[in-house]
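K.L.:
Right, I'll just put the structure down here and ask away after.
The values are calculated or read from the model by the stated rules, or taken from the named source; none is laboratory data. All values reported here derive from a predicted model rather than from experimental measurement. Note that each Cβ is placed from the backbone with ideal geometry, even for glycine, and that neighbours are counted across all protein chains shown.
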Amino acid sequence: MCLERYIIKVIEAGLKCIPAGSQYAEMVRDMLGWYRQDPQNWQKTWELVERKYHNDTRYHHRYAEKSIEVKLNGAYILMGLLYGKGDFEQTVRIACRCGQDSDCNPANAGGVLGAILGFAAVPERFKSALDEKRRFNASTYDWPGMLRVHEQLARQVVVKYGGRIEMDAGGREQFVIPDQTAQPGPLEKSWEPGPVVGVKYSEEEVARMIGPIEKFAPGWKVKDCGGPVDEAKKYLERGNVLMTRPLSATSPCILYKKLELPAGKTGFLHKDVGHRPNEDWELLVKADGRELLKKSVDTQTAPTGWLEVVVDLTPIAGKNVKLELLQQARGNPHVAGYWAEIRMEYK
């Protein structure tokens, strides 16, 4: 089988592992179809990708300022693999020229082709500067260490899924891998995710996630946030800023505190909240589940990026309540919310 056809077979095999109803699978099918229509002119196929996966609001991530997201990245990787036709330099060059996330896409295209060709077949000019003793960035692995780990994982996977490792007549190892039918997982849409299950954090991880809130607003706690709560030292000309993200499109990040407003007193909750350009979210304030305020944080309500909010707490005077501040996503589950102040005032 020629290398060009083999690359197509690899892509088709990968496609079988993806939920058929996903937009990513649709993109892979499109790339194979567009390539077969015109296997020479990658620029024309690039224009088709731009038209559908960059400009069509049904497909691109409208919250990403430059629309860098997985379908575009995947399309550009496939562009390099298909139109590079097995030539390592052309594969990397085309994936890079597609633009957008142009560091990882050519690296991934070259990585896939390198795995197909084998290390020895990769042109020497792409290997000559490799420092085998230098550790990879943010890693404890150098080149030999990385190879050892990958070999160990490969051996474990082969055995785990019913294969075996044998010795041939010449004393060389052979990996016997059973032929299996691909079984895609259930379709999970990133903008409509299901509930988070099976996630457990250690005490150390919890401490890292809640540490900034204790420093920012003593007495307040946080739950259901999509990742660590970060202390952004400065954002939009404000210092001592806290950043949070919702857990999902339907599960808000919640800042909460047990509060008892003295009877006969007038109380107010002061907050300064912010958003990123082209991102918006919804702020809800609740007392024991009762909604006290609902406010959109967007370019209209906060054109400078910040919104000052004052909530009258007089209706709960004399009561011991759980006060909650909810950062609710409005479509984009990864939206960042900024908090410059949470302050109580009694009169």
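K.L.:
Could you list all residues from the range 302-316 that are free of Cβ contacts under 8 Å to residues at least 40 places away in the same chain and within 28 Å of the chain's Cα centre (by Cα)?
P.N.:
Passing the criteria: ALA302, PRO303, LEU307.
K.L.:
Here's something else I'd like to know. Is the range 69-77 home to any residue that is farther than 21 Å from LEU15 by Cα and touching a residue at least 12 places away in the same chain (Cβ under 8 Å)?
P.N.:
Scanning the range 69-77 turns up no residue that is farther than 21 Å from LEU15 by Cα and touching a residue at least 12 places away in the same chain (Cβ under 8 Å).
K.L.:
Can you tell me which of GLU47, GLU26 is part of a helix (DSSP H, G or I), buried (at least 16 other Cβ atoms within 10 Å of the Cβ) and without any contact (Cβ under 8 Å) to a residue 12 or more places away in the chain? Show your work before the answer.
P.N.:
Details: GLU47 fails: buried (at least 16 other Cβ atoms within 10 Å of the Cβ).
None of the other options fit; the residue is GLU26.
K.L.:
When you go through ALA232, ALA263, ALA249 one by one, which is the residue that is small (Gly, Ala, Ser), surrounded by 15 or more Cβ atoms within 10 Å (Cβ to Cβ), at pLDDT below 85 and assigned to a loop (DSSP other than H, G, I, E, B)? Steps first, please.
P.N.:
Working: ALA232 fails: assigned to a loop (DSSP other than H, G, I, E, B); ALA263 fails: surrounded by 15 or more Cβ atoms within 10 Å (Cβ to Cβ).
Of the residues listed, the single one that is small (Gly, Ala, Ser), surrounded by 15 or more Cβ atoms within 10 Å (Cβ to Cβ), at pLDDT below 85 and assigned to a loop (DSSP other than H, G, I, E, B) is ALA249.
K.L.:
Can you pull out the residues in the range 141-194 that are under 27 Å from the mean Cα position of the chain (by Cα), hydroxyl-bearing (Ser, Thr, Tyr) and either over 30 Å from ASP131 (Cα atoms) or not in a loop (DSSP other than H, G, I, E, B) (or both)?
P.N.:
SER190
K.L.:
Same structure again: Here's a check for you: in the range 50-60, which residue that is more than 21 Å from the chain's Cα centre (by Cα) and surrounded by 13 or more Cβ atoms within 10 Å (Cβ to Cβ) is nearest to GLN100 (Cα to Cα)?
P.N.:
Per the criteria, the residue is GLU50.
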